[in-house]
Amino acid sequence: MTVSILSIVGRSNSGKTTLLEKLVARLSAEGLRIATIKHSHHQPEMDTPGKDSWRHKQAGAEASLLVGPERMLMVQDVEEDLNPRLLAERYFSDFDLLLVEGYASLPGDKIEVLRAERSTQLRCQPGALLAVVTDLPCVQAGLPQFGLDDIEGLSEFILHWIRHD
């Protein structure tokens, strides 16, 4: 079985991270194993300068894994921006759902967050979206629409989508 992948997209500061947090909590409570990816256009830095894993990377290791009793962190060099499908196959194949924040320009299933104070226009074409989460009255006819705080309704929509994906 392959993991279902759903991207949460929208303009900067539209509420993607807040929505993702609420969805993870709600869908996890339903018993789903959830993994997340945050896409950034900037170079991420998760290693602490001077610590052993940082020193390993500085010495030339292409990947470094820091493992503790309850958590592991991996830093790995990549030669290109990896897409969610490849990452899901490589790292998350035993999860039920991979929620991705970003990757709006890549093909795949997406829900867009559209907050009136940031924009009144969708970033993605309506045909590329499964649904929209917004505080606007009617964004696009025929496109399922949920309020910014309708986590129950959106979660039910996602659960139905997973079952039929």
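Among the criteria (1) under 28 Å from Arg163 (Cβ atoms); (2) in contact with a strand residue (DSSP E or B) (Cβ under 9 Å, 6 or more places away or on another chain); (3) not in a loop (DSSP other than H, G, I, E, B); (4) not small (Gly, Ala, Ser), the one Leu106 does not fulfil is (3). Among the residues of the stretch 9-26, none qualifies, meaning not one is modelled with pLDDT under 80 and surrounded by 13 or more Cβ atoms within 10 Å (Cβ to Cβ).
Among the residues of the stretch 119-135, write down those that are of a type outside the set (S, T, N, Q) and loosely packed, with under 14 Cβ neighbours inside 10 Å. Listed by number, the residues that qualify are Pro126, Gly127, Asp135. Checked against (1) part of a strand (DSSP E or B); (2) farther than 20 Å from Val24 by Cβ, Gln121 meets all criteria but (1). Number of residues in the stretch 123-142 that are modelled with pLDDT of 95 or more and of a type outside the set (S, T, N, Q): the value is 7. Consider Gly127 carefully, then state whether it is small (Gly, Ala, Ser) and not in a loop (DSSP other than H, G, I, E, B). Spelling it out, Gly127 is indeed small (Gly, Ala, Ser) and not in a loop (DSSP other than H, G, I, E, B).
The values are calculated or read from the model by the stated rules, or taken from the named source; none is laboratory data. Being a predicted model, the structure only gives us computed values, none of them experimental. Don't worry about glycine lacking a Cβ; one is built from the backbone with ideal geometry, like all the others, and counts go over all protein chains shown.
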